[in-house]
Amino acid sequence: MKPVLRFLVYLYPAWWRHRYGRELEALLEDSGSGWRDVWDLFRGAMEMQMSKWTFGAIVAVCGVAGLAIAGAVAFAMPYEYRSTATLKIDPVFDTDALNRVVHAAFTPQVLSEIIRQEHLYGEAPLDGSIERLLRAIRMEPAAPNLVRVSFAYNNPAQAQRVSQDLVSRIISANVNPSISQYQLRIELTTPPDPPKKVGEGKRLSLAHLGFPAGMLFGVVLALILRLRRARTAN
C-alpha cells in the first residue's frame, strides 16, 4: 500500500512537493496505510490540481477519464463464447410437450454431472453453478419445426462440448418410455457450430457510457470545488 501512497504524492503540484513532499513522505512512513489514506491523498491531490482549472476543463478531463476507466473495465471483462446447435422437431412441435422433454433432460442430477465433467465455474457452490448453467442455456425457435439450442461460456472448447451434451440429452430424454408419450421426433440437424464471441455490443455500450458519466461527475465536482472556493474567499 505504501508504494501506492508514495506514487500519489507525485500527483500534487511540483511547488507543493518541493515544500511539503519530504514531510508528507516521512508521515506516510510512520503512519499506517489503508484505502482511506489512499482516497484522502488522491482527493487532496485532485483538489489542489483543479484549484486553478476552469469549470469546462474539469468537466472535459473527467469525461475523458470516465471514458478511459469505462473502456478499461469493459475490455478487461472475460469474453464469453456461444456454440449453437439446431434440432428438428416432427411433427410441428407442441411447446408444452417440448418443455416437458427438456425438463426431463435437464434434471439437477444431469446438470450437476455436466458441471463436474466439464469443470465449469471453478470452485463455485453447486447450487449457484446449476443456476449459472441454466442461465447460459438458450433455446429459441428457428422455424415452425426447428429449435436452436446454445450454451455460452468463457472457454470456447467447453462451450461447444456442453452444447453437444445438451442436445444429446434432449434427444435421449425424448426416447425415454416415460417421455415418448408426447410423440415428438427430435433429431439433430446442425451440430454445435464453432463458438462465437458474445457481448461485444454490451462492451462498447459500457465504454461509451463512460464519457457522459465522467462529464456528469465533472459537473458535480466542479460545482463542489466552486462552492469551496467561495467559502474560502469569504
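The values are calculated or read from the model by the stated rules, or taken from the named source; none is laboratory data. Only a predicted model underlies this, so the values are computations on that prediction, with no experimental measurement involved. Here Cβ is always computed from backbone atoms with ideal geometry, including for glycine, and neighbour counts include all displayed protein chains.
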- Query: Before we move on, is residue 158 modelled with pLDDT of 90 or more and part of a helix (DSSP H, G or I)?
  - Reply: yes
- Query: of a type in the set (Val, Ile, Thr), closer than 21 Å to residue 195 by Cβ and surrounded by fewer than 18 Cβ atoms within 10 Å (Cβ to Cβ): does that describe residue 137?
  - Reply: yes
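Give the stretch 44-97 a look and list any residue that's farther than 30 Å from residue 152 by Cβ, of a type in the set (Val, Ile, Thr) and either without any contact (Cβ under 8 Å) to a residue 40 or more places away in the chain or surrounded by fewer than 17 Cβ atoms within 10 Å (Cβ to Cβ) (or both), or say none.
The answer is 54, 64.
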- Item | Residue among 178, 172 that is assigned to a helix (DSSP H, G or I) and modelled with pLDDT under 95 | 172
- Go through (1) in contact with a helix residue (DSSP H, G or I) (Cβ under 9 Å, 6 or more places away or on another chain); (2) modelled with pLDDT under 95; (3) not β-branched (Val, Ile, Thr); (4) not in a helix (DSSP H, G or I) one by one and return the number of the condition residue 140 breaks. (1)
- Task: Look at the stretch 138-161 and say how many of its residues are among the aliphatic types (A, V, I, L, M) and within 21 Å of residue 89 (Cβ to Cβ).
- Result: 6
- Task: Using the structure shown, decide if residue 14 is more than 30 Å from residue 165 (Cα to Cα) and over 28 Å from the mean Cα position of the chain (by Cα).
- Result: yes
- Among (1) modelled with pLDDT under 75; (2) within 37 Å of the chain's Cα centre (by Cα); (3) assigned by TED's automatic domain parsing to the domain that holds residue 120, where does residue 32 come up short? (3)
- Matching option when the condition is surrounded by 14 or more Cβ atoms within 10 Å (Cβ to Cβ) and modelled with pLDDT under 95, among 105, 124: 105
